[in-house]
2 protein chains.
Amino acid sequence: LKRPSFSKRIPPGEQIERLVCDDCGWVHYVNPKIVVGAVATWEERYLLCLRAIEPRRGKWTIPAGFLEENETTEEGVLREAREEACVELEIEGLLGIYNVARVSQVQLLYKAVLKSPEFDIGEESLDVRLFAWDEIPWDEIAFSSVDWALRRHRLVAGREEFPPFSFPGS
Amino acid sequence: LKRPSFSKRIPPGEQIERLVCDDCGWVHYVNPKIVVGAVATWEERYLLCLRAIEPRRGKWTIPAGFLEENETTEEGVLREAREEACVELEIEGLLGIYNVARVSQVQLLYKAVLKSPEFDIGEESLDVRLFAWDEIPWDEIAFSSVDWALRRHRLVAGREEFPPFSFPGS
């Protein structure tokens, strides 16, 4: 058995260098990853989870995570909310697309409401709470995309239809 | 040198089986891929490209393709339009999110206009044309997501702000 050997080459008909197998020509494509999440509210209070895992353990976040294979974006949002906050959400619309091109990540962040005020602390969380806007612990937010999404939600609160925000951009 | 050996296992703290290295525990994550594209118009005529490559060679499509590493979604749309139709687009908004969960694909399809009616036949195209709505070759469209996006565009034509459509869903 021989160890596979890859070189960076531009495959035929393409524009970008890829890792190509020196023996068989197989191209190892690497693509950006999708994160799905939701700014979810119950009577104008915002659902936040205290992260139990790295990165940013001990900081507050919205329910969000990597989309899984064979899952739609909305299914992914509902699953993450169940896993992290044991909560059932109803999705209202796409709040924004947050690009983190440096790490090849596209975050699809939805606007959602809790179906009922029943939630619990999921395996990946240390705590889960509903915060009034003025109680949100802004200095203890895990990621800048969470801060961005919460503030964008505030801009469309009460609107039934709105175009999604875009980062970078709006 | 030893050939790596992987088994399907549920890593600690996770819910789903992954390919895990039997020696070092490294987890091989596989994630859905992002396709970006645009329904692009010039004076109510729709830009379509005749595919020069498989799948669906010889069928008409909108400019679209896989998002690359370190690229934002909007950058990807503009790149695909340049590659396939040698055209400069101005993005107006997100038209829809089209999920193809069976093949783990999320298509982000934008609404765009041509900056000028200058275009040409890109490397991956056999032909590029602007079609009036009634001239669109509906029986020769490459993918059902293209048919879906064209018809959704028609529903919001003339609107400056609109929420994105969602498939499955709206």
- Query: Near A:LYS115, which aspartates and glutamates are there with a Cα under 14 Å away, not counting those fewer than 8 places off in the same chain?
  - Reply: A:GLU43, A:GLU44, A:GLU88, A:GLU90, A:GLU92
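Could you work out, residue by residue across A:41-47, how many beta carbons of other chains sit within 10 Å of that residue's beta carbon, and then give the average as an integer?
Values: counts 0, 0, 0, 0, 0, 0, 0.
Mean inter-chain Cβ contacts per residue within 10 Å come to 0.
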- Run the 1.4 Å probe and let me know the accessible area of A:SER144, rounded to the nearest 10 Å². 80 Å²
- What ranking, highest mean first, results for peptides A:99-105, B:87-93 when packing means the other Cβ atoms within 10 Å averaged over each residue? B:87-93, A:99-105
- Note on the structure: Here the convex hull volume per residue of region B:37-170, taken over Cα atoms and given in Å³, is 108 Å³
- What is the Cα centroid distance between region B:86-126 and region A:19-93, reported in whole angstrom? 25 Å
- Task: Along Cα-to-Cβ, 7 Å out, sits the label point; list in nm, shortest first, how far the one on B:ASP22 is from those in the other copies.
- Result: 2.6
- Looking at B:PHE66, A:VAL39, B:GLY93, which one has the Cα that reaches farthest to the positive end of the dipole of the protein assembly as shown (charges on Cβ: Lys, Arg +1; Asp, Glu -1)? B:PHE66
- Comparing B:TRP26, B:TRP60, B:TRP138 in a Gaussian network model of chain B (Cα, 10 Å), the one with the largest mean-square fluctuation is B:TRP26
- Query: Is the protein assembly as shown best put as rounded, prolate or oblate by its Cα gyration tensor, with a ≥ b ≥ c the root eigenvalues, rounded for a/c under 1.5, and otherwise prolate when a/b is larger than b/c, oblate when not?
  - Reply: oblate
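Taking Cα pairs under 8 Å and at least six residues apart, what relative contact order does chain A come out at, in percent?
Values: 331 pairs, mean separation 41.1, N = 170.
It rounds to 24 percent for chain A.
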- Run through the other copies and list how far each one's label point is from that of B:TRP42, in nm with one decimal, shortest first; the point sits 7 Å from Cα along Cα-Cβ. 5.5
- Averaged per residue, what accessible area in Å² does chain B show with a 1.4 Å probe, protein chains only? 52 Å²
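For peptide A:64-70, how many partner chain Cβ atoms fall within 10 Å of a residue's Cβ, on average? Let's see the in-between values first.
On the way: counts 0, 0, 3, 7, 8, 9, 6.
The mean count of partner-chain Cβ atoms within 10 Å per residue comes to 5.
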- Item | Karplus 3J(HN,Hα) series, Hz, for region A:143-149 with 6.51 cos²θ - 1.76 cosθ + 1.60 (x for Gly, Pro) | 9, 5, 5, 6, 4, 4, 5
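Where the accessible area of chain A is counted over protein heavy atoms with a 1.4 Å probe, how much of it, in %, is carbon and sulfur?
Values: 4280 of 8770 Å².
Summing carbon and sulfur atoms, their accessible area is 49 percent of the total for chain A.
Find the sum over both chains of the accessible area lost when A and B are paired, probe 1.4 Å, and report it in Å² to the nearest 100.
On the way: alone 10460 and 10460 Å², together 17540 Å².
Between A and B, the summed buried area is about 3400 Å².
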- Item | Label point distance in nm, A:LYS115-A:GLU135, each placed 7 Å from Cα along Cα→Cβ | 2.5 nm
- Query: What does the charge add up to near A:TRP60, with Lys and Arg as +1, Asp and Glu as -1, over the other residues with Cβ less than 12 Å from its Cβ?
  - Reply: -1
- Message: From the alpha carbon gyration tensor of region B:1-113, can you work out the equivalent ellipsoid semi-axes (sqrt of 5 times each eigenvalue) and give them in Å, largest to smallest?
- Response: 38, 15, 13
- 7 Å along Cα→Cβ, label-point gaps from A:ARG82 to other copies, nm, shortest first: 4.3
- Would you rank B:ASP127, B:ASP134, B:ASP23, A:ASP22 by solvent-accessible area, highest first, keeping every protein chain in place and using a 1.4 Å probe? B:ASP134, B:ASP23, A:ASP22, B:ASP127
- With each label point set 7 Å from Cα along the Cα-Cβ vector, what nm distance links A:GLU14 and A:LEU126? 4.2 nm
- Note on the structure: Summing -39500 (n - 2.57) over every DSSP H run of at least 4 residues in chain A and dividing by its residue count gives a helix-only mean residue ellipticity at 222 nm, to the nearest 500 deg cm²/dmol, of -5000 deg cm²/dmol
- Task: Considering Cα pairs under 8 angstrom that are at least six residues apart, work out the relative contact order of region B:33-72 and quote it in whole percent.
- Result: 46 percent
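The values are calculated or read from the model by the stated rules, or taken from the named source; none is laboratory data. No experiment lies behind these values; they were computed from the predicted model shown. Please note: Cβ atoms are built from the backbone with ideal geometry, for glycine as well, and neighbour counts cover all protein chains shown. The accessibility values were calculated without ligands, DNA or RNA, using every heavy atom of the protein model including side chains. Shrake-Rupley method; radii C 1.70, N 1.55, O 1.52, S 1.80 Å.
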